Amino acid sequence: MTLTLIVILATLGILCLLAEILLIPGIGLAGIVGTGATIGSAYLANQEYGFEAAFWIVIGELVLLALLCLILWNSSIRRRLSLSTKIDSQVNEQPKSISVGDKGVASTRLNLFGKAKFEEYGYLEVKATSFIDQGTEVKVVSLENNTILVEKA
C-alpha cells in the first residue's frame, strides 16, 4: 500500500509541476501541490525504505520532469497551446494630411503634451514648444516621428 501511495504522489507531483512549468505562469496552486507531492513521496520512501530509496526517487522525479519538459517543449502540443498571433496595429495614428502651418485651438493645457482641436482633423495629441494655456490658438511647427509639434499662433 505504501509503495502505491509513493508512486501516486510522485506521479501527481510530476504532473502538477509539468503543468506549472509549461501551462500556468507564476507560482500557483499546481506548483505548490506538485512540490508538496514530490516531497511527500520522498518522505514516505525515506520512512518505509530508507534514505537511499528516497534519494533515488527524488533523482528519478527530477530526471523524468526534465525529460518531459524537454519533450513537451519541442513538441507540437506547445505550439498549439501557445498564442502565436501578431499584433500589427498602431495606436494614435495621426492623419497624414496635416501639414506645417495648420492652425487649431488648444483644448487642454499643453504642458508639453496635450490635445488641440484642428477644424479639418478634430482633436489630436500634440507636443508644445512651451507651456500653452487651454483655449489658446496654436499652429503646427513641425511633424516628426508621428508627433505634431505646435507653438502659440
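The values are calculated or read from the model by the stated rules, or taken from the named source; none is laboratory data. Since the model is a prediction, treat every value here as computed from it, not as a measurement. When we count neighbours, we look across all protein chains shown, and the Cβ atoms used for this are built from the backbone with ideal geometry, even at glycine. Just so you know, the surface numbers come from the protein's heavy atoms only, side chains and all, with ligands and any DNA or RNA stripped out. Shrake-Rupley method; radii C 1.70, N 1.55, O 1.52, S 1.80 Å.
Can you go through GLU151, GLU93 and tell me which one is over 26 Å from CYS16 (Cβ atoms), modelled with pLDDT of 80 or more and open to solvent by 50 Å² or more (accessible area, probe 1.4 Å)?
That would be GLU151, the only listed residue that is over 26 Å from CYS16 (Cβ atoms), modelled with pLDDT of 80 or more and open to solvent by 50 Å² or more (accessible area, probe 1.4 Å).
Run down VAL100, VAL105 and say which single residue is over 30 Å from THR2 (Cα atoms), of a type in the set (A, V, I, L, M, F, W, C), open to solvent by 30 Å² or more (accessible area, probe 1.4 Å) and assigned to a loop (DSSP other than H, G, I, E, B).
VAL100 is the lone residue from the list that is over 30 Å from THR2 (Cα atoms), of a type in the set (A, V, I, L, M, F, W, C), open to solvent by 30 Å² or more (accessible area, probe 1.4 Å) and assigned to a loop (DSSP other than H, G, I, E, B).
If the Cβ limit is 7 Å and pairs must be 6+ apart or interchain, which residue in region 128-142 that is at positive phi pairs with which residue that is part of a strand (DSSP E or B) and open to solvent by 50 Å² or more (accessible area, probe 1.4 Å)?
Matching pairs, first to second residue: GLY135/VAL105.
Is region 71-88 home to any residue that is of a type in the set (Lys, Arg) and touching a helix residue (DSSP H, G or I) at 6+ places or on another chain (Cβ under 8 Å)?
Looking through region 71-88, at least one residue is of a type in the set (Lys, Arg) and touching a helix residue (DSSP H, G or I) at 6+ places or on another chain (Cβ under 8 Å).
Can you spot a residue in region 28-37 that is within 20 Å of THR2 (Cβ to Cβ) and either in contact (Cβ under 8 Å) with a residue 24 or more places away in the chain or open to solvent by less than 30 Å² (accessible area, probe 1.4 Å) (or both)?
yes
Can you name every residue in region 48-85 that is touching a residue at least 12 places away in the same chain (Cβ under 8 Å), among the acidic types (Asp, Glu) and open to solvent by 100 Å² or more (accessible area, probe 1.4 Å)?
GLU48
Working only within region 118-140, note down all residues that are within 31 Å of the chain's Cα centre (by Cα) and open to solvent by less than 30 Å² (accessible area, probe 1.4 Å).
Residues satisfying the conditions are LEU124, VAL126.
Return the residues of region 124-140 that are in a loop (DSSP other than H, G, I, E, B) and over 9 Å from ALA106 (Cβ atoms); say none if nothing qualifies.
Listed by number, the residues that qualify are THR129, SER130, PHE131.
On the given criteria, is LEU143 surrounded by fewer than 14 Cβ atoms within 10 Å (Cβ to Cβ) and not in a loop (DSSP other than H, G, I, E, B)?
no
Which of the residues that make up region 9-27 are surrounded by fewer than 13 Cβ atoms within 10 Å (Cβ to Cβ) and without any contact (Cβ under 8 Å) to a residue 12 or more places away in the chain?
Correct list: PRO25, GLY26, ILE27.
Here are some conditions: (1) outside any helix (DSSP H, G or I); (2) surrounded by 10 or more Cβ atoms within 10 Å (Cβ to Cβ); (3) in contact (Cβ under 8 Å) with a residue 12 or more places away in the chain. LYS115 meets all but one. Which one does it not meet?
Tallying (1) outside any helix (DSSP H, G or I); (2) surrounded by 10 or more Cβ atoms within 10 Å (Cβ to Cβ); (3) in contact (Cβ under 8 Å) with a residue 12 or more places away in the chain, LYS115 fails exactly one: (3).
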